[in-house]
Amino acid sequence: MAILRTYAEVLELEPNEAELDLIEKCQAGEQCIRGFDVPKEPSDTSTIRADILRYLLLGGCENCVVNERGVWLIGGYISGTLNLGFATVHGATRLQNCYFETQLLSEQTSFKLVDLSGSTLNGWLAQGAKIEGNVFLEHITASVTIHLSGTTIGGQLSCVGAKLTAKEGHALSAHSAKIEGGVFLDNITASATIDLNSAAITGQLACEGAHITTQKPYALVAVNVQITGGVFLHPRVHTEKDKIETPFHATGELRFNGATLGGVYGEDITLEATTSNTTLSLGGTTINGSVRLSGCTSTGEMMLAGSKISGRLICEKVQFQNTQGHAFNGKAMRVDRAFIWKKLSEEGTGAVSLNGAHVEELDDDPENWPEGHDLHLDGFTYTRITAKVATVPARMDWLKLGSDFGGDFRPQPYSQYAKFLRAVGHDSDARSVLEQGEALARADQRRRRMDPNETQGLNDLQWKLNTAWVWLDRTVFDPAFKRVIGYGHAPFRALQALMVLILLCFIPSFVAYHKGQFAPNSAVILESSSWNQPSIQEADNPAAAWSDKTGKGRDWESFSAGAYAVDVVIPIINFGQTDAWAPSTTRGAWGYYLWWARWVFTVLGWLVTALGAAAITGIIRRE
């Protein structure tokens, strides 16, 4: 390419019809229209040699002064290589619907404005260029990478409707670019990666209706990018939906790890994973707005681990399909407002992890969470829940599934939910939740004690003792703790147990007394004449006859089956019944069996009373 500096040098090249017309229009500050369609081959009516075009773009010379408006060419065929590297372009650069024979070179070039809309490019190398105004690449066709790495753009970068078909490298690279306006990739078609790593975009990144298809890991990579206005994968208002041809579709990961974004908005979009098995990655991002994922289809992992979202996180009507791992990974994320999880497709597959995450408000459909070992809630905290609360079956299933970590039990989901229930006044439900959690925890402890991996090194005696303890805990201790005091969360249930024991003791006591199988609990009385009278001993109920007919009997403690049962069952209470009366082992079966049964009632009464007292005083209590 010759570098032309004077008009005389231009004339020596014998300009053709198109070139003469362009020179004339540049001097007048007018459009040079050589056709409205992109020329497919050179001709005198469309061909503009690159060296003459460069001469004009740099402002011409004193014998051919280009108007301050710059160069405006429509429908030209640019032959040769247009090299503007390290130059300062005069006025605006408008090369619309043009065909570039080779790659456009403009490294470290200074532009006022660049408009290549509708053109066919064999790539554009503009690394480090400085463009004061906008860059329009709308509806271009580019078969080689558009390089804008390190470029400074004072306005917007618009690639609306572009077809980027690079077979090697990236389709568009704006690594470390600084763009004061927005980046518009609406309705683009790209067959390679869009690279925005470490770029700073003051406006928005709009990808509405874009189709990016690549077999490489990433469809769009924007690690450490700063996008003040947010990322829009669908129109911000429904009335603008007619501006997109089809919903956003990406084959390959959208990677925003470590980015700072004004929000992420995707509705009715399709995200397909390739070799990375991830569709959307927002790991470690700071999002100064909301993340809306409604009506989406994702065939890989949506990764939000460690992200900080100042607005809402909305997952509604999403269809997750990932059989190889997580469908949604929200480990350690923070959501300052609501996390909405509703109306998900029943055909969805893949695990969901919220381990260590915190959201201010949870608004979910408990039925929409995955089953089996695919839900992880260990360390997940929230301030309030606006959906179904209390101990509804679906919510309890949610807790049970979320606390199962590959067969191991994690108690935190239960304690967190109970904490929330107490905060909203559901104390009874909170205790019920903690009780169920404790039951699962004890079952997990027994499982661990029988796990071969946990019991390696035990000798035969130790193994037998361990097995015996597990059996006792499962059949005796655990049922007692659960039914008597609810593992310490229902201490007053011990009163119910005492009432049952008293009733069970009252019935045989009442029957034994009225069948005459009770006697005064005193050796003196039993040897006295008043008790041994034939009329007393031959009566159907000697104890009742003695109490009614003798002076000593009338002065003796009257028998009460209820008070007697209380005395037997509750050892700390003494109504004097067990001191005054005792069942006889020789007067009939009821007395005989009650004589032995009262020891059982006393032992059980002691245990129940002790457990109840310990639970009430907080010795046995799980917060």
Task: Packing rank of 121-127, 575-581, 562-568, where each peptide gets the mean count of other beta carbons within 10 Å, highest leading - done: 562-568, 121-127, 575-581
TODO: List the extent of the Cα atoms of region 143-201 along each of their three principal axes, largest first, rounded to whole Å.
DONE: 29, 21, 13
Task: Over 28 Å (Cα to Cα) - which of LYS419/LYS482; LYS317/LYS419; LYS130/LYS163; LYS40/LYS130; LYS130/LYS216; LYS163/LYS317 fall in this group - done: LYS317/LYS419; LYS40/LYS130; LYS130/LYS216; LYS163/LYS317
- [ ] Quote the FRET efficiency, to the nearest 0.05, computed for ALA423 versus PHE575 with a Förster distance R0 of 56 Å and r equal to the Cβ-Cβ distance.
- [x] 0.80
- [ ] Keeping the other protein chains in place, figure out the carbon and sulfur percent of the accessible area of the chain, with a 1.4 Å probe.
- [x] 53 percent
Open item on the list: Highest mean first, how do 192-199, 523-530 rank when packing is the count of other Cβ atoms within 10 Å averaged over residues?
Closed with: 192-199, 523-530
Task: Computed [θ] at 222 nm, helices only, for the chain once each DSSP H run of length n ≥ 4 contributes -39500 (n - 2.57) - done: -9000 deg cm²/dmol
- [ ] Go through GLY169, TYR55, TYR417 and say which Cα lies farthest out towards the positive end of the charge dipole of the chain; charges sit on Cβ, +1 for Lys and Arg, -1 for Asp and Glu.
- [x] TYR417
Open item on the list: I'd like the distance separating the alpha-carbon centroids of region 249-303 and region 389-419, in whole Å.
Closed with: 28 Å
TODO: Would you tally the net charge around HIS147, using a Cβ to Cβ cut-off of less than 10 Å, leaving HIS147 out, and scoring K and R as +1, D and E as -1?
DONE: -2
Task: Of the trypsin sites (Lys or Arg not before Pro) in region 149-198, those whose Cβ has at most 13 other Cβ within 10 Å and which sit in DSSP loop - done: LYS167
Open item on the list: At R0 = 60 Å, how high is the FRET efficiency between VAL65 and ARG337 if r is their beta carbon distance? Nearest 0.05 is fine.
Closed with: 0.50
Task: All aspartates and glutamates inside 12 Å of LYS331 as judged from Cα atoms, apart from same-chain residues fewer than 8 positions distant - done: ASP378
Task: Under 29 Å from the Cα of LYS515 - lysines, other chains or at least 8 residues apart - done: LYS549, LYS552
Task: Residue-count net charge about GLY266 - beta-carbon cut-off 11 Å; Lys, Arg +1, Asp, Glu -1 - done: -2
Task: Counting DSSP beta bridges with both ends in the chain, the antiparallel % (nearest 5) - done: 5 percent
Open item on the list: Taking each pair of distinct Cα atoms in the chain once, what is the resulting Kirkwood hydrodynamic radius in Å?
Closed with: 31.4 Å
Open item on the list: Considering the Cα positions of region 22-170, please state its Rg to one decimal place and its Dmax as a whole number of Å.
Closed with: 14.0, 44
Open item on the list: Per residue, how large is the accessible surface of region 272-393? Use a 1.4 angstrom probe and give square angstrom.
Closed with: 38 Å²
- [ ] With a Förster radius of 25 Å, plug the Cβ-Cβ distance of THR586 and ASP555 into 1/(1 + (r/R0)^6) and report the FRET value to the nearest 0.05.
- [x] 0.45
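The values are calculated or read from the model by the stated rules, or taken from the named source; none is laboratory data. Computed from a predicted model, the values in this text were never measured in an experiment. Virtual Cβ from ideal backbone geometry, glycine too; neighbours counted across all protein chains shown. Side chains are part of the model used for accessible areas, which takes the heavy atoms of the whole protein and leaves out ligands, DNA and RNA. Shrake-Rupley method; radii C 1.70, N 1.55, O 1.52, S 1.80 Å.
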